[in-house]
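Quick notes on the structure that follows.
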Amino acid sequence: MKRFSLLLLLFAVAVCGCTNSNPQGRLKIEGEVSLGGQPVKSGSIEFEPAGSQTEKTQSGGSITDGKYSIPAEKGLVAGEYRVRISIMEEVAGSKKEGADPMSAGVQYKDLVPPEFGSSTKQKVTVEKGKANKFDFKM
Amino acid sequence: MKRYAFTLVELLVVIAIIGVLIALLLPAVQAAREAARRMSCSDNIKNIVLAAHNYHDTWKMLPPGGYGAVRHQWSLLLMPFIEQQAFYSTVNINRNYNDNTKDAGFDKGNVDTFARQRFKIYTCPSDGDYDSTYQTHKHHNYVCCAGNACIANPDGSNLTTFWTNYPFRSTPPEDGDVVALGGMFAMGSANQGRGIKMTEISDGTSNTLAFSETVQGYWDKNDGTSPNDLRGLIWWGHAAYFTGYLAPNSPVGDVAHGYITKTSLDPIKYPVGVAAANHEHRLSSRGYHPGGVQTANGDGSGTFRSNTVNVDVWRALSSANGAEKVSAN
């Protein structure tokens with residue numbers, strides 16, 4: 001009896017920890033990104049809803065050493081998405097030494113070809129019950 | 001006579017049970033404390049939106065969200081309406097807030113003294129009271145809503161121009177494009193910032209966001225490698241607002257041209273990105289409350305909005321005249 005009540009207590013504690021942190025059933029998104037055959041050292045990727053799904057989610061993340069991974073609770077629901085990638089490189093010599101940071105920002109250049117970046121044509125379909133792995137070779 | 005005593009096992013069982021009960025209680029206590037802080041936060045944001053209404057009663061328009069990058073943002077203009085008239089009267093609003101020079105005809109002291117002051121009404125209790133080491137400015141937690149898009153200032157001064165690349169179009173959307181629309185507050189340079197009138201908010205003030213939260217970053221030193229997270233510097237035009245393009249607490253980073261490139265906070269929870277050379281700005285609503293952000297609507301009501309809000313609804317709420325069909329929930 002004592003053992004049983006202890007087990008019950010343990011079970012109660014375990015159940016207390018369970019709250020649904022992903023009520024919409026968002027899915028994990030991951031993949032690899034390369035530019036000119038080289039993995040992208042650092043950049044960012046964004047997914048913008050572009051389909052007829054009723055639940056509109058938008059997500060993204062940073063690309064590190066050629067990979068990105070968005071955990072499920074921050075991911076996307078099933079549907080069609082447009083993808084935009086950006087890789088920013090500091091423009092050499094654009095940083096003004098000693099200038100007030102609030103009036104002189106460093107300039108950056110986007111290395112991504114327009115069809116993946118500013119006027120992207122990349123579309124992906126996120127599906128349930130599938131590994132949503134999207135690789136981009138630029 | 002036999003003396004009754006507890007056995008070691010009995011004692012251990014009792015201690016274990018007490019331990020379990022405390023373990024159950026502690027998160028509940030923490031949650032209650034956070035709930036109280038959230039309530040106090042909603043109180044702050046409600047007072048701010050009421051101050052904006054009083055400003056409108058007086059001046060027949062809302063305060064400009066920003067009026068030049070380092071000049072009188074909404075946060076300063078609302079001072080007389082949050083019982084800081086005495087403070088407001090020491091500030092010469094014709095000068096940049098970080099301008100310390102004395103000029104003839106004005107004997108009002110250092111303008112940036114107010115930027116070093118902690119204002120409780122502008123501070124979310126779930127955040128804290130930090131100094132930004134650089135220029136010892138205090139950052140705060142509330143930002144006005146400047147629409148649903150990115151904001152760009154190609155000439156370095158005009159914050160009203162929307163970023164026109166993907167996914168924004170000024171013409172009706174095709175294939176999921178977002179139509180860039182302004183919000184309840186207009187950001188602009190010295191000759192373009194202006195106050196919006198309530199009558200211009202054609203979506204209705206209860207369907208339009210007025211204020212939401214941000215996080216306090218800090219700027220350590222201006223050496224190009226230290227964190228330069230100016231989020232929460234609401235005296236500064238590039239950080240006094242948010243837009244509804246990104247969902248609340250989005251995993252996509254906030255960007256502000258070359259100003260915010262490295263965060264001083266947890267980069268997973270409060271990410272920043274790097275903006276292109278075209279002065280792209282995109283700051284989203286972020287906060288420390290679990291599950292969502294506190295917002296104030298244009299009609300003076302406060303709403304806690306979930307991180308999982310449908311982005312179409314969130315963008316519709318953040319625009320002032322998009323004529324979107326929005327169900328308030």
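The values are calculated or read from the model by the stated rules, or taken from the named source; none is laboratory data. Values in this document were obtained by computation on a predicted structure and should not be read as measured data. Methodologically, a virtual Cβ is constructed for each residue, glycine included, from the backbone with ideal geometry; neighbour enumeration extends over all protein chains shown.
Of all residues assigned to region B:102-117, at least one qualifies as being modelled with pLDDT of 70 or more and in a loop (DSSP other than H, G, I, E, B). Sub-9 Å Cβ pairs linking a first residue in region A:98-121 that is facing chain B (nearest Cβ under 7 Å) and within 15 Å of A:Gly43 (Cβ to Cβ) to a second residue that is assigned to a loop (DSSP other than H, G, I, E, B) and modelled with pLDDT of 85 or more, at least 6 apart or interchain, are A:Asp110/A:Ile87; A:Ser118/A:Val112; A:Thr120/A:Val112, ordered by first then second residue.
Scanning region B:28-73 for residues that are among the aromatic types (Phe, Trp, Tyr) and at pLDDT below 90 yields one hit, B:Tyr67.
Of the residues screened, B:Val311 is one that is modelled with pLDDT of 85 or more and among the hydrophobic types (A, V, I, L, M, F, W, C).
One line per residue, one yes/no per condition, for (1) loosely packed, with under 15 Cβ neighbours inside 10 Å; (2) at the interface with chain B (Cβ under 8 Å from one of its Cβ atoms); (3) free of Cβ contacts under 8 Å to residues at least 24 places away in the same chain:
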site: A:Leu27; (1), (2), (3): no, no, no
site: A:Leu35; (1), (2), (3): no, no, no
site: A:Ile45; (1), (2), (3): no, no, no
site: A:Glu55; (1), (2), (3): no, yes, no
site: A:Tyr68; (1), (2), (3): no, no, no
site: A:Glu90; (1), (2), (3): no, no, yes
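At least 1 residues being among the acidic types (Asp, Glu) is the threshold, and among the strands (runs of 3 or more DSSP E) wholly inside region B:211-312 those reaching it are B:280-282.
The residue that is farthest from the chain's Cα centre (by Cα), among those in region B:198-256 that are within 14 Å of another protein chain (Cβ to nearest Cβ) and hydroxyl-bearing (Ser, Thr, Tyr), is B:Thr225.
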